[in-house]
Amino acid sequence: MGVVYIGDRNTGKTHLAMELANPHNENVKVSSPDYENLRRLLYDDKLQGTRATDAKKEVDNRELEIQVRLPTGYRTINIDWIDTPGEVWRKSWQGDNPKKWKNFLDTVGSSKGIVLILPPYRNIISNPNVDAKEFLTRQQWCNRFNRWVDFFKNDCSQARRVVICLNKADLFCDIDKEAALLNRKNWQERHSYVLQKYFKPIQPQIEQFNKIMARSSVSCFITSIYNRKLLELPWLYLGTFLSY
C-alpha cells in the first residue's frame, strides 16, 4: 500500500520517523532502512538531536518500509516521506518549477493514504519549560491548515485514508494518561475524542472535508516520540483499513 508522510518543516516528522524505527517497538517497526542506518542518516550526535531538513531542496524525498502487526498478521506499508518548504505552495514557484511540482502531485495524488503531521499551536502549549511564542498562533495555525484542506480536495483524489497527527503531544497533555484512555476506545471513538479535544479550532473544516471527499476518510491522532502507543496508533489504523 502506498502512503505519503507529509507536513511542513519543523513539525517533528524526522524525530517521529526515527523513533518509529526504534527496535524497542510493540506492533509497528520500520523494516527498511533499519534503525542504525536511519539514525546515522538523521541524527546529529553533536547537536544531540535530528538534523534539520535541507532547506535548499525544494522537495526532499525519502522512502520507508513499515511492518504493522495486526491480529490477522503482518502488513507492509510503503512510505513516501516528503518535506516541502513554504515556497512550494506559491503559484509563482509552481509556474517556475513545473516538473518538480508535477512529480510532487503525482506522488501524492496516487497514494492510497496520507499522513499529515501538524505542530501544536501556541495557545494549546501547557509545558512550562517550553517557550510557546516559538509556535504559530491559533489563527496562523488555522490559516495554514486551510491550505492543506484545499490541497487535499484538489490534488489527493485517490487517497482513501487521511491521517492528521497533532505532534509533540508531550507539550500539551499527559501523554501516558491519554494513551491509556485511547487504548480503551475503538477507532471511531478515538477519532471523535481527539477531534473534539485537540482539533477544536479546525473541527468544522475536518468535518466538512469528511463530507465532501466521498472516497476518503479523515482520522485525527495525537503523537509523541515519548509514548510508543501514541506513536504507533496512526500506523495501526492505516494497516487495519488499507488493503495491500
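The values are calculated or read from the model by the stated rules, or taken from the named source; none is laboratory data. Since the structure is predicted, the reported quantities are computational estimates derived from the model, not experimental observations. FYI the Cβ positions are ideal-geometry reconstructions off the backbone, even for glycines, and counts take in every protein chain you see. All accessible areas refer to the heavy atoms of the entire protein, side chains included, with ligands and DNA or RNA removed. Shrake-Rupley method; radii C 1.70, N 1.55, O 1.52, S 1.80 Å.
Some observations on this one:
- Test result for Ile225, in contact (Cβ under 8 Å) with a residue 60 or more places away in the chain and in a loop (DSSP other than H, G, I, E, B): yes
- Here is the figure for segment 142-163: residues that are touching a helix residue (DSSP H, G or I) at 6+ places or on another chain (Cβ under 7 Å) and either within 23 Å of Ile125 (Cα to Cα) or open to solvent by 80 Å² or more (accessible area, probe 1.4 Å) (or both) total 5.
- In segment 63-75, the residues that are touching a strand residue (DSSP E or B) at 6+ places or on another chain (Cβ under 6 Å) and open to solvent by less than 60 Å² (accessible area, probe 1.4 Å): Leu64, Ile66, Gln67, Val68, Arg75
- Trp187 meets the conditions (1) surrounded by fewer than 17 Cβ atoms within 10 Å (Cβ to Cβ); (2) over 18 Å from the mean Cα position of the chain (by Cα) in every case but one. The failed one is (2).
- Count of residues meeting criterion [modelled with pLDDT of 95 or more and either in a helix (DSSP H, G or I) or in contact with a Pro (Cβ under 6 Å, 6 or more places away or on another chain) (or both)] in segment 208-222: 1
- Test for Ile175: is it over 30 Å from Lys91 (Cβ atoms), β-branched (Val, Ile, Thr) and in contact with a His (Cβ under 8 Å, 6 or more places away or on another chain): no
- Scanning segment 68-106 for residues that are of a type in the set (S, T, N, Q), farther than 17 Å from Asp8 by Cβ and touching a Gly at 6+ places or on another chain (Cβ under 9 Å) returns Thr76, Asn78.
- Residues that are under 20 Å from Asn154 (Cα atoms), touching a strand residue (DSSP E or B) at 6+ places or on another chain (Cβ under 9 Å) and not charged (D, E, K, R) within segment 204-244 comprise Ile206, Phe209, Asn210, Met213, Ser216, Ser217, Val218, Ser219, listed in sequence order.
- Test: Lys168 is surrounded by 13 or more Cβ atoms within 10 Å (Cβ to Cβ), farther than 21 Å from Gly12 by Cβ and of a type in the set (Lys, Arg): no
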